[in-house]
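Student: First the structure, then my questions, so here it is.
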There are 2 protein chains.
Amino acid sequence: MKEAIREALKGLSTQGIPIGSVIVYQGKIIGRGHNQRIQKKSATLHGEMDALEKAGRLPAHIYQESVLYTTLSPCAMCTGAILLYKIPHVVIGEHQSFMGEETLLKSKGVNVEVLNDAACIQMMTDFIEKNPSLWNEDIGV
Amino acid sequence: MKEAIREALKGLSTQGIPIGSVIVYQGKIIGRGHNQRIQKKSATLHGEMDALEKAGRLPAHIYQESVLYTTLSPCAMCTGAILLYKIPHVVIGEHQSFMGEETLLKSKGVNVEVLNDAACIQMMTDFIEKNPSLWNEDIGV
């Protein structure tokens, strides 16, 4: 999670939305990314999607033995990507500022861990308070 | 749908997976794309995602008044993106070669139309027959 937070802060330092994610396979980070809505004018590169994209084309079994870490509860799109690739384990920094589709993930057998990490909560709370319209845009509101 | 098929064929002609998509708002195409797994080594740019990405950053209400056309039934990831942005109407070329998450879309109130278009069916059947491993990679199998 430390590395996912590092990605989120990298996003923040480039005027972006501070959500970061890493994908870990056999103890090694194989993909890392952060929300790129502002930086790349992207409607699809949420933190988790950017990490998947950076990981590149991988055989199915790699995803199926990986853990995805994300600083914030995954939205419907990122949840869908996790389900498509059958990532079995998702570690979430927090779900206080935004509750994603954790129920759907669990219903499909994904192991969902929520850390309630104070640094993640603070980071998103601050961002949303200062940038409500950007945040709403990111979640289609 | 003609334009989504045109996108799929554009993908095919660049050695890609022939799935295309367009997003229509007030009768105009605001985003068009095709699967970019091969061309961009992308794990996230399915046809629908590429169309969303090409449409760029848009206010929520635009998505909520748009129709998404796709040559093939949308997978979990693309379904999630449709739900995130609350696109209310999805027109699907076919769901014979691959059945996506249409039940989930309908359960969330999305109007799902399936055309059973012969050209779409033929295009995917041919591709899957000739490239089974590429196709499996695309759907995380």
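Student: List the distances, in nm to one decimal, from the label point of A:Asn111 to the label points of the same position in every other copy, shortest first, placing each label point 7 Å from Cα along the Cα-to-Cβ direction.
Tutor: Those label-point separations list as 4.4 nm.
Student: Once you've got the GNM for chain B with C-alpha springs shorter than 10 Å, pick whichever of B:Gly80, B:Gly20, B:Gly11 has the biggest mean-square fluctuation.
Tutor: Result: B:Gly80 has the largest fluctuation of those listed.
Student: Among B:Ser66, B:Ser42, B:Ser21, which one shows the biggest mean-square fluctuation in a GNM of chain B, springs joining Cα atoms closer than 10 Å?
Tutor: In this elastic network of chain B, the residue with the biggest mean-square fluctuation among B:Ser66, B:Ser42, B:Ser21 is B:Ser42.
Student: In percent, how large is the relative contact order of chain B, given Cα pairs closer than 8 Å and 6 or more residues apart?
Tutor: Relative contact order, chain B: 19 percent.
Student: Hand me the GluC sites (Glu not before Pro) from the stretch B:54-141 located in a DSSP loop with no more than 16 other Cβ atoms within 10 Å, in residue order please.
Tutor: Sites meeting the loop and neighbour criteria: B:Glu65.
Student: Of the candidates B:Asn116, B:Asn131, B:Asn35, which one comes out as most mobile in a Gaussian network treatment of chain B with C-alpha springs shorter than 10 Å?
Tutor: B:Asn131
Student: Something else now. If you take every DSSP beta bridge whose two residues both sit in chain B, what share of them, in percent to the nearest 5, is antiparallel?
Tutor: 55 percent
Student: Taking Cα atoms of chain A, Rg/Rh with Kirkwood Rh, to two decimals?
Tutor: We get a ratio of 0.94 for chain A.
Student: Pairs A:Lys2/B:Lys108; A:Lys10/B:Lys108; B:Lys41/B:Lys86; A:Lys54/B:Lys130; A:Lys10/B:Lys10; A:Lys86/B:Lys86: which are spaced more than 31 Å apart, C-alpha to C-alpha?
Tutor: Long pairs (Cα-Cα over 31 Å): A:Lys2/B:Lys108; A:Lys10/B:Lys108; A:Lys10/B:Lys10.
Student: In what sequence, largest accessible area first, do B:Thr14, B:Thr79 appear using a 1.4 Å probe?
Tutor: Reading off the accessible areas and sorting them downward yields B:Thr14, B:Thr79.
Student: Shifting gears a bit: How far apart, in nm, are two points set 7 Å out from the Cα along the Cα-to-Cβ line at A:Gln122 and at A:His61?
Tutor: Computed distance between label sites A:Gln122 and A:His61 equals 4.3 nm.
Student: Follow-up question, since we're still on this one. Taking the label point as lying 7 angstrom from Cα along the Cα-to-Cβ axis, what are the distances from A:Pro132 to the corresponding position in the remaining copies, in ascending order and in nanometres?
Tutor: Once sorted, the set of distances for A:Pro132 reads 5.6 nm.
Student: Further question on the same structure: Provide the FRET efficiency to the nearest 0.05 for the B:Gln26-A:Gln26 pair, computing r from the beta carbons and using R0 = 45 Å.
Tutor: The computed FRET efficiency comes out at 0.35.
Student: Shifting gears a bit: Could you work out how far apart the two model spin labels at A:Thr103 and A:Asn131 are, taking each label as a point 7 Å from the Cα in the direction of the beta carbon, and quote it in nm?
Tutor: If labels sit at A:Thr103 and A:Asn131, their model points lie 3.0 nm apart.
Student: If you count only protein heavy atoms with a 1.4 Å probe, what accessible area per residue comes out for chain B, rounded to a whole Å²?
Tutor: Counting only protein heavy atoms, the per-residue value for chain B is 41 Å².
Student: When each copy gets a label point 7 Å from Cα toward the beta-carbon at A:Lys40, what are the spacings between them in nm, shortest first?
Tutor: Between copies, matching label points for A:Lys40 lie 0.7 nm apart.
Student: Assuming 0.36 nm per residue, please report the length gained on full extension of the stretch A:Lys10 to A:Val141 beyond their Cα-Cα distance.
Tutor: 44.7 nm
Student: Closest beta-carbon to the A-to-B rotation axis: which chain A residue owns it, and what is the separation in whole Å?
Tutor: Residue nearest the A-to-B axis, with distance in whole Å: A:Gly80, 1.
Student: Per the helix-only calculation at 222 nm, which mean residue ellipticity applies to chain A, given -39500 (n - 2.57) for every DSSP H run of n ≥ 4 and division by its residues, nearest 500 deg cm²/dmol?
Tutor: -12000 deg cm²/dmol
Student: Count neighbours as other Cβ atoms within 10 Å of each site's Cβ, and list the trypsin sites (Lys or Arg not before Pro) in the stretch B:49-141 that are DSSP loop with at most 15 such neighbours.
Tutor: The qualifying sites are B:Arg57, B:Lys108.
The values are calculated or read from the model by the stated rules, or taken from the named source; none is laboratory data. Since the model is a prediction, treat every value here as computed from it, not as a measurement. Backbone-built Cβ (ideal geometry, glycine too); neighbour counts: all protein chains shown. The protein model used for the area step is the full one, side chains on, heavy atoms only, and it has no ligands, DNA or RNA in it. Shrake-Rupley method; radii C 1.70, N 1.55, O 1.52, S 1.80 Å.
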